[in-house]
1. Using the count of nearby Cβ atoms within 10 Å as a rough guide to exposure, how do 328, 446, 389 rank from fewest to most?
2. Using per-residue counts of other Cβ atoms within 10 Å, averaged over each peptide, order 73-81, 214-222, 293-301, 365-373 from highest down.
3. What is the distance in Å between the Cα centroid of the range 498-518 and that of the range 326-383?
4. If the reach is capped at under 14 angstrom between alpha carbons, list the aspartates and glutamates near residue 122, excluding any in the same chain fewer than eight residues apart.
5. What FRET efficiency comes out for the pair residue 491/residue 417, r = Cβ-Cβ distance, R0 = 45 Å, nearest 0.05?
6. Order of 269-282, 456-469 by packing, highest average Cβ count within 10 Å first?
7. Given a Förster distance of 25 Å, report the FRET efficiency between residue 340 and residue 130 from their Cβ-Cβ distance, rounded to the nearest 0.05.
8. Can you tell me the Rg and Dmax of the range 347-504, counting just the alpha carbons, in angstroms?
Amino acid sequence: MTTSPCDPVAPAAPTAQNNTGLSRLALKRVLIDTYHENVAYMHRDCDIYRAEGFKALSKVEVRTNGQSVLATLNVVDDPAIVACGELGLSKAAFGQLGVPDGHTVTVSQAEPATSIGALHRKLAGERLDLNDFKAIVHDIAEYNYSKIELTAFVVATHRDELDREEVYFLTQAMIDVGRKLNWHENLVVDKHCIGGIPGNRTSMLVVPIVAAHGMLCPKTSSRAITSPAGTADTMEVLAKVELPINELEDMVRVHRGCLAWGGTANLSPADDVLISVERPLSLDSAGQMVASILSKKIAAGSSHLVLDIPIGPTAKVRSMPDAQRLRRLFEYVARRMHLSLDVVITDGRQPIGYGIGPVLEARDVMRVLENDPRAPVDLRQKSLRLAGRLIECDPDVRGGDGFAIARDILDSGRALAKMNAIISAQGSHSFNHNQPGLGQLSFEVRASSAGTVTSIDNLQLARIAGLAGAPKVKSAGVDLACKLGDSVLADALLYRVHANFPADLEFARQATKRSTGYTIGDATTLVHAFVEF
């Protein structure tokens, strides 16, 4: 005798009512990564689906053992995903309940998020107060918003730019929701870049330098949002970055620094949820950027922050007036949050270093730390200047002496020793920068004519590295041979693209045919940078 998809799956999972009137189903873990969205799966022919009047993409509440999660309902027709007596939950939602497969759960229509009224007012262009933002951010962090509602909030705050008071409110709300670290020290330093420049792995040099100086620098970083590598992606080539919070705190107290992924620390958790929407939309408004960066740094316990704002034709910030406006917004919110902030406007006309992609960027970092003659000079110099600015936060250091102190720490090998100690403490991965294990497939991009490299498109090179597989494929990326101002002959090597899979290699190759990202011309047309260093 054959069974239908809607035959009961087990005696423990009746499609019935319990004494509270809620419908019971057997829980099933559905191995789908829905990226910061709780999703529930119910069979279309399930009795409860019809009886309760559920609709696809509506919000449902799933309860068991005193725990509950809100989830967006997906309706399925394939019993291999869920049968009629089952309720499926995505990986993230399943983990929040903390019960095994087959456990009985109840499911009901969810009440709208309490902050939905404030969201609607923002959509109408109204100005929100602190309590409004606290309510919205709380619901975001608790996964009470669907992806549609999240998108509405992100777009509303992008379209109708938040005023500086609202940015402060959003920052404060994001801090209040998550964990806040307290290191019980007066001086806790950090460095951050607003992003958009490939290869800009200065944090991986700044942290060991300032930690070797004795300053506390608990660096928690994100993974790549739209770039071919984030600091966490590159550090993961060298060591574990997903550390339990108690381990992270212990190692920072011992070694004075870390380079870890911030997701496990639960610092400003609403930010990670918002990023899951901002990433596919490629939205990064000034207000959201300020709230994202400062909430993470303040929640991590930082008292002093050096912030890098690169400017250039293909950077996030394209002009000095725009950079100054962004600087003033950061400074206003930091002042309200009692964070000492030093904003540095830097050259963002081209990638920093030679490598674009996790393995290539890790190679560049280790060459700088080892004072290897092949190390990229621009990465070394920029890192020393940023580290010097942080070292000058030390009350025992005279203003202007920071760069020389940082250079001595790097040249003497103390920064390398500190980095090796941090790598060991986090859990070392085998990596040799002389044989970095690049993607086995590659092709070269060469100059079509002789001349001078007058411009390099950050966005296009990041796109090519991404198409080659970075950052998911850590050995993929772009290895540069020429930088701005270099003289080249016709057919000279500009860069080499590495990939692990033929399809990725072909995607990258087609992108280079549309645009190499390099302009070769007359040296007199080279645009100079008017920045602080």
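Any read-out appearing in this document is the output of simple, stated calculations on the displayed coordinates, not a laboratory observation. As the structure is a computational prediction, the values presented were derived from the model and not from experiment. Backbone-built Cβ (ideal geometry, glycine too); neighbour counts: all protein chains shown.
1. 328, 446, 389
2. Peptide ranking by packing, descending: 293-301, 214-222, 365-373, 73-81.
3. Answer, in whole Å: 27.
4. In chain and number order, the partners are 132, 149, 160, 161, 163, 166.
5. Computed FRET efficiency for residue 491 and residue 417 comes out at 0.55.
6. Order by mean packing, descending: 456-469, 269-282.
7. Approximately 0.60, to the nearest 0.05.
8. Considering the range 347-504 through its Cα atoms, Rg and Dmax are 17.7, 56 Å.
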